[in-house]
Amino acid sequence: MSSPRCILRGLSLLGSWLVTAPGCAILKTWCPRGDRQLMTFPSVPRRPPRAPIFNVPPIILVIVVVLAAIHVGRLALSEESDLWVLRQLAFVPARLWALVDPGIIARQLAALSADPRTSEQAEIARFFLHGGPKPWSILSYSLLHAGFAHLAVNMLWLVAFGAPVARRFGSLRFLAFLAVAAIAGAGAHAIAHPQAFEPIIGASAAVAGTVAAAVRFVFQPGESLGLRRDEGELLGARAPIPPLPLTKLFRDRQVVGFLGVWFILNFFVGILAVPLGVTEQAIAWEAHIGGFLAGLLLFSAFDPSSAKVVG
């Protein structure tokens, strides 16, 4: 029988002289008294890596904090100062259209001013037209929100759908992607309402782009909106699954079903939100669709794993 000292000595050397075999770990050592002892220990199975409870990428948290800080900062401004911020950063389609045909914008303003029922609308239009086209507003409008509810809804969707996209793209690509989706949203709204004087604000178009981008890969086996289920991918040891090419995307029933629900929901929310009293302000649903289409069609331009995928 081995002495207790021998056994303790063997245990102390377990970490350095461990040899694995099916079903057990075998340790061979010499005891101080010359007793040679072969000891076997049951293998302890490795615990699978645990997904962190809060696994939102840092860039998502930064965006949420920045947008929330901007909104809170606006609340601290006077009404006059806040209107100045809106005029500088909100997107107004008529400002761009004035570059194409300034005459038609002038005639519209004159018509609004001549009617007592729309004279106040004319004053608002003049306020937002002041200072020229402000081309940066095709992006800067996405930094502002109409209220905490507007901000919260956008941020919840960003966390849910933007997180897997941000992990896949990386921070810089993800920021560039958001910018492109926001610009596409402004463009879609301008096409639908080229001479509108009403400003639009909100990150909804950019967030819609992340929803569309997620559609390109989250329905594939082994992918999800959270961290990847595969152990190796949880550890970052495996490359992301290639996205579905567009040629196959619209043949996937899950994808087609999700797209159908999203477009129908977006359309009805945009059309019925004001009549049903959900909000007092019209929803620029065309901007959402513009951002969504940009995310769907331009995904491969930002996805590092798409280099060999035709899409």
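Derivation of every value follows stated rules applied to the coordinates shown; laboratory data play no part. The shown structure was predicted, so the numbers you read here are calculated from the model rather than taken from an experiment. As a convention, Cβ positions derive from the backbone with ideal geometry for all residues, glycine included, and neighbour counts pool all protein chains shown.
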**Message:** If you take every residue apart from residue 132 with its C-beta less than 15 Å away from the C-beta of residue 132, what net charge results, scoring Lys and Arg +1 and Asp and Glu -1?
**Reply:** +4
**Item:** Amide H contacts under 5 Å for residue 202, placed H, 5+ residues apart
**Value:** 142, 143, 144
**Request:** Determine, for each peptide in 107-114, 70-77, 206-213, the mean count of other beta carbons within 10 angstrom over its residues, then list the peptides with the highest first.
**Result:** 206-213, 107-114, 70-77
**Item:** Linear extension gain, residue 282 paired with residue 85, 0.36 nm per residue minus alpha-carbon span
**Value:** 68.9 nm
**Asked** How high is the FRET efficiency from residue 62 to residue 263, r the C-beta distance, R0 35 Å, rounded to 0.05?
**Response** 0.70
**Message:** Give the average over all directions of the projected area of the C-alpha convex hull of the range 94-151, one decimal, in nm².
**Reply:** 5.0 nm²
**Message:** Relative to 2.2 N^0.38 Å, what does the C-alpha radius of gyration of the range 141-182 come to as a ratio? Two decimals please.
**Reply:** 1.22
**Complete:** Across all Cα atoms of the range 53-204, Rg and the largest Cα-Cα distance (Dmax), in Å, are 17.6, 61
**Message:** Suppose R0 equals 45 Å. What FRET efficiency, 1/(1 + (r/R0)^6) with r the Cβ-Cβ distance, do residue 127 and residue 301 give to the nearest 0.05?
**Reply:** 0.75
**Item:** Exposure proxy order (Cβ contacts within 10 Å, fewest to most) of 252, 101
**Value:** 101, 252
**Message:** Cut-off is 10 Å between beta-carbons; in what order do 100, 159 appear when sorted fewest neighbours first?
**Reply:** 100, 159
**Fill in**
Between residue 76 and residue 156, the FRET efficiency computed from the C-beta separation at R0 = 22 Å comes out, to the nearest 0.05, as 0.35
